[in-house]
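K.L.:
Questions regarding the structure given below will be posed in turn.
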């Protein structure tokens with residue numbers, strides 16, 4: 001059954017996730033949008049898809065808050081974006097999203113300085129070759145790819161609610177389609193460490209977490225959506241997935257192509273209540289589960305994921321303010 005599922009996924013991915021599966025994304029048609037009154041936070045913004053997203057938002061006049069781990073790389077990326085877009089409203093925030101205290105400091109800065117935010121793009125993600133724990137004893141892949149999404153989003157809700165069109169975008173991955181929803185923060189089910197599988201598991205969890213956010217905050221104007229960018233040529237793919245990169249590098253999407261749906265979700269006027277909790281690719285709703293995958297999950301399983309995030313962060317939506 002697993003072999004059949006893998007074959008199904010590779011066939012679908014080859015047809016839909018590469019350059020020639022990108023026809024529905026109309027690159028360039030967002031160039032007439034004015035974002036001068038809008039403010040955006042993009043995590044993992046100094047390279048790849050995050051950089052391309054930040055560059056587009058700045059090019060349309062938006063205020064962009066780039067959240068990055070490396071100060072040197074962040075400052076260089078910010079300089080490039082400001083120079084290429086003639087936009088000085090590009091700000092760097094140094095934050096290791098794998099560390100709870102860093103996220104709390106970032107949110108405190110926004111609250112203390114009354115910084116406006118309209119759209120949060122949870123883009124940062126890592127693949128670890130070796131298992132590593134953060135200062136709270138939480139495995140770094142889970143902490144960065146999933147737990148940071150819960151904590152940063154929850155703590156930013158009061159700020160987002162001051163916007164007239166608030167949005168939260170979770171940047172997932174097609175790899176998540178290969179996984180069932182397993183809540184295993186320590187990856188104790190692994191006989192030996194597998195960073196690629198751990199990454200894919202957290203990407204499935206992101207989609208489920210987005211669904212839960214859309215339900216918890218259904219009576220607010222915030223729109224929560226998840227997406228995946230297709231198979232994209234990024235520094236992380238080249239470094240951490242060399243076999244995959246070798247097999248597909250000639251047909252991988254550029255970071256700009258991968259960022260297209262993120263940018264569209266940031267600015268399209270058509271993101272209404274019917275979009276809440278949906279999973280997108282190429283500006284269209286995407287499968288959350290492959291037909292033969294047997295990866296469907298229950299509300300109880302999603303609640304368990306949410307409760308695990310509450311337990312590990314100590315932050316519940318009821319005390320978010």
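K.L.:
Return a yes/no flag: does the range 244-259 have any residue that is closer than 27 Å to residue 218 by Cα and either at pLDDT below 95 or crowded, with 21+ Cβ neighbours inside 10 Å (or both).
P.N.:
yes
K.L.:
So, one more: In the range 131-168, which residues are within 19 Å of residue 222 (Cα to Cα), more than 12 Å from the chain's Cα centre (by Cα) and not in a helix (DSSP H, G or I)?
P.N.:
Answer for the range 131-168, where residues must be within 19 Å of residue 222 (Cα to Cα), more than 12 Å from the chain's Cα centre (by Cα) and not in a helix (DSSP H, G or I): 161, 162, 163, 164, 165, 166, 167.
K.L.:
If we scan the range 127-146, do we find a residue that is under 29 Å from residue 257 (Cα atoms), in contact (Cβ under 8 Å) with a residue 40 or more places away in the chain and surrounded by fewer than 14 Cβ atoms within 10 Å (Cβ to Cβ)?
P.N.:
Scanning the range 127-146 turns up at least one residue that is under 29 Å from residue 257 (Cα atoms), in contact (Cβ under 8 Å) with a residue 40 or more places away in the chain and surrounded by fewer than 14 Cβ atoms within 10 Å (Cβ to Cβ).
K.L.:
On to the next question. For the range 179-192, check the following and say yes or no: at least one residue is under 18 Å from the mean Cα position of the chain (by Cα) and within 16 Å of residue 228 (Cα to Cα).
P.N.:
Yes, the range 179-192 contains at least one residue that is under 18 Å from the mean Cα position of the chain (by Cα) and within 16 Å of residue 228 (Cα to Cα).
The values are calculated or read from the model by the stated rules, or taken from the named source; none is laboratory data. Given the structure is predicted, the values throughout are model-derived calculations rather than measurements. So basically every Cβ, Gly included, is an ideal-geometry build from the backbone, and we count neighbours across all protein chains shown.
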